[in-house]
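The values are calculated or read from the model by the stated rules, or taken from the named source; none is laboratory data. Treat the numbers as computed from the prediction; the structure is a model and nothing was measured. Cβ placement follows ideal geometry from the backbone for every residue including glycine, while neighbour counts extend to all protein chains displayed.
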Amino acid sequence: MVKGKGKTEKTMEAESVTLLKHMLEMELAKVREENAFDVVLFMGVDGRIFSSSIPAELSPDQYRLLNLVKGNLVHICGQLGSKNMKFSVQQYEVGSVFISGVGEKAFLLMFTSRPVEVTQMEAPVRSVLQASAVLRHLFEIRPLTEEYLARQPPEVAAELKRLTRRLFVEKYEETGEFRRNMEVLKFLREGLVGLVGVGPAQEILQLVFSEAGTAAKFMKEEQWMAAFDRLVARLREQAGDVAAERAKKEWGPEVRRLLKSFV
């Protein structure tokens, strides 16, 4: 997580192929929507399509442009692969094609069948170049540290932070950390209910997480161990020394096991 102005902004980097692909798809969708492109492809210079943003249906003009692009792919990949081309805008009767290199092994290819005047190309070109820089970071899986972000252009750093925030919002509940936290919470809740009943158990958990300053689903390992100590102290107040010592002795090893099992 990174610090925001007066608050903690929860972010998440792509730690798996699935999450990386989701981040790539978010960025491609943004480029297509903001610039009214019909199709956006993120490809390797060997012709493989890594990710794409394509509407559910294509018009006849869009199909013709897509076929034209497919027919030129060998030539396009050859130009990029030999490092002779970094950026290109090609205009045809049926539309415009934008091509931007993403490092040495990949590129962005976008097209639109709507008329685009040369005088109107500054904004989409700037947007595509920014997206290329963002995608290069994701494709090369560079760690998103504050030091690294400080070396990037402000608009690139801002977009990378935006993506990690969106990834957290959309995908956090699919992570091992979230599942681990839910398992620990379930185990402790069931143990407390067995000793003091549903109402007191919920009261103890609410107090513990209030003191921790975060929700159970966001807890880190060291926070769980501190929270467990507070939980035992609250249980001692509710059920006495014998119950508290028994919980500390019997629950502690299982909590530690659960915390390590999702690493």
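Before moving on, here are some points about what is shown:
- Matching option when the condition is in the same structural domain as V184 (by TED's automatic domain parsing), within 19 Å of R179 (Cα to Cα) and assigned to a helix (DSSP H, G or I), among R246, R236, R230, R257: R257
- Just one of the listed residues (L167, L138) is part of a helix (DSSP H, G or I), closer than 29 Å to L73 by Cβ, of a type outside the set (D, E, K, R) and out of contact with any Phe, Trp or Tyr (no Cβ under 8 Å at 6 or more places or on another chain), and it is L138.
- Qualifying position, being crowded, with 19+ Cβ neighbours inside 10 Å, assigned by TED's automatic domain parsing to the domain that holds L108, modelled with pLDDT under 90 and not basic (K, R), among A14, A56: A14
- Selected residue (only one of D46, D61 is under 29 Å from the mean Cα position of the chain (by Cα), more than 16 Å from A131 (Cβ to Cβ) and of a type outside the set (K, R)): D46
- Of the candidates V74, V31, the single residue that is touching a residue at least 40 places away in the same chain (Cβ under 8 Å) and either of a type outside the set (D, E, K, R) or more than 22 Å from R126 (Cβ to Cβ) (or both) is V31.
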